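The values are calculated or read from the model by the stated rules, or taken from the named source; none is laboratory data. As the structure is a computational prediction, the values presented were derived from the model and not from experiment. Every residue, glycine among them, receives a Cβ derived from its backbone with ideal geometry; neighbour counts consider all protein chains shown. Side chains included, ligands, DNA and RNA excluded: accessible areas come from the protein's heavy atoms. Shrake-Rupley method; radii C 1.70, N 1.55, O 1.52, S 1.80 Å.
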Amino acid sequence: METEAIVLDCSDHGESDVIVSLFSREAGRLSAIAKGAKKSKRRFVNKLELFSFLHVSCSRKNTGDLAFLAEADLLASFMNIRQDLELYSLASVIGEFLLLGLSEDEPDEKVFRLSLWALHHLDCRQQPRAILVLFLIRYFDYLGYRPDLETCSICQTPVTTERQYTFHPNGGRIICSGCNPEKFRGGALSHGTLKILRAAQDSPLERLHRLKLSGPILREALSLLHNYGRTLFQRDIISWKTMQKYIGG
Ligand SMILES: [Zn+2]
């Protein structure tokens with residue numbers, strides 16, 4: 001099989017081999033062993049690194065087996081991500097979410113393009129934290145968990161600036177201050193956050209990077225998506241803590 005792929009994880013196997021978890025364009029999540037990659041560095045040098053974008057040739061006997069990685073060509077190394085701790089920590093969150101949400105032998109072109117989009121914009125250092133927000137809101141959507149940020153999930157009234165809203169990660173829905181007034185003492189979502197997240201859900205990928213997030217809206221959006229992601233996958237996102245150290249949030 002020949003396919004483009006993004007390296008999501010990499011671990012030593014025995015004395016000379018390396019096992020990589022790939023997000024491949026043709027076959028979704030894919031595990032492959034690179035025989036002798038640690039000893040004879042020539043064939044795989046600088047290629048089997050986290051977040052590298054590769055063209056690979058590999059073979060396997062049966063679907064679901066560990067594949068044998070024959071060759072890898074580097075298409076993009078995203079060198080800034082490798083060398084900058086903040087960018088690396090943000091990319092690690094994206095990688096962790098991809099490993100949680102992708103399945104073997106289920107290619108997903110939309111998620112693949114979104115992942116390349118995110119790595120490219122992180123590497124360019126264009127509002128890197130906002131890129132994580134924009135990636136996550138779209139990623140959850142593509143997995144089938146698009147949060148409804150248009151209407152109150154109880155009274156079905158479209159969002160209006162006359163009411164306040166809280167987000168409920170169970171079911172990815174919002175509830176208005178008319179339906180559940182006592183919940184609003186802890187603070188409502190700002191209308192700015194709701195608006196930018198809705199815009200991110202519907203913007204074409206080529207224009208997604210033009211949406212700007214900063215300050216309280218960025219913090220609120222990150223926190224909402226963190227809660228939602230933990231609820232969806234029913235587990236902690238390990239790389240989130242490290243990321244918060246580097247971005248100082
Ligand atoms: Zn309501």
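In the chain, what percent of the accessible surface is made up of carbon and sulfur (1.4 Å probe, ligands and nucleic acids excluded)? Heavy-atom surface of the chain belonging to carbon and sulfur, 1.4 Å probe: 47 percent.
Residue-wise HN-Hα couplings along segment 102-118, as the Karplus relation 6.51 cos²θ - 1.76 cosθ + 1.60 with θ = phi - 60° gives them from phi, are 8, 10, 5, 6, 10, x, 9, 4, 5, 5, 4, 5, 4, 5, 5, 4, 5 Hz; Gly and Pro carry x. Look at the alpha carbon pairs under 8 Å that are at least 6 residues apart: their mean separation over the length of segment 53-177 gives a relative contact order of 16 percent.
Beta bridges assigned by DSSP with both partners in segment 1-140 are antiparallel in approximately 90 percent of cases. Taking every C-alpha pair closer than 8 Å and separated by at least 6 residues, the mean separation divided by the residue count of the chain gives a relative contact order of 15 percent. Averaged over its residues, segment 145-226 has an accessible area of 54 Å² per residue, based on protein heavy atoms and a 1.4 Å probe. Residues whose amide H falls under 5 Å from that of GLU26, counting only those 5 or more places apart or on a different chain, are GLU4, with hydrogens built in the peptide plane. Listed by chain and number, the lysines whose alpha-carbon sits under 18 Å from that of LYS39, ignoring those within fewer than 8 places in the same chain, are LYS47. Close amide H partners of ILE154, meaning residues 5 or more places away or on another chain with modelled amide H under 5 Å apart, are CYS176. Seen from every direction in turn and averaged, the convex hull around the alpha carbons of the chain projects onto 14.2 nm². With respect to the cross-link table entries LYS38/LYS245; LYS38/LYS61; LYS212/LYS241, which display a Cα-Cα separation exceeding 27 Å? Flagged as over cut-off: LYS38/LYS245. Using alpha carbon centroids, what distance separates segment 1-80 and segment 197-249, in Å? Using only Cα atoms to place each centre, the spacing works out to 28 Å. Can you check what the Kirkwood hydrodynamic radius comes to for segment 1-46, Cα pairs only, in Å to one decimal? Result for segment 1-46, one decimal place: 11.0 Å. Rg and Dmax of segment 29-121, based on Cα coordinates, read 14.0, 40 Å. Taken about its Cα centre, segment 135-217 carries a charge dipole of roughly 200 debye when the Cβ of each Lys and Arg holds +1 and the Cβ of each Asp and Glu holds -1. For the chain, DSSP calls about 85 percent of its internal beta bridges antiparallel.
Give, as a single signed number, the net charge of other residues whose beta carbon lies under 10 Å from the beta carbon of TRP117, with Lys and Arg counted +1 and Asp and Glu -1. Combined, the nearby Lys, Arg, Asp and Glu give +1. Peptides 125-137, 193-205 ranked from most to least packed by the mean count of surrounding Cβ atoms within 10 Å: 125-137, 193-205. Here segment 105-229 is treated as a sphere whose radius is the Kirkwood value from Cα pairs; by Stokes-Einstein at 25 °C and 0.890 mPa s it diffuses with a coefficient of 161 µm²/s.
The mean sequence separation of alpha-carbon pairs under 8 Å and at least six residues apart, normalised by the residue count of segment 116-249, gives a relative contact order of 25 percent. Calculated accessible area for segment 84-123 comes out at 35 Å² per residue, all protein chains present (probe 1.4 Å; ligands, DNA, RNA ignored).
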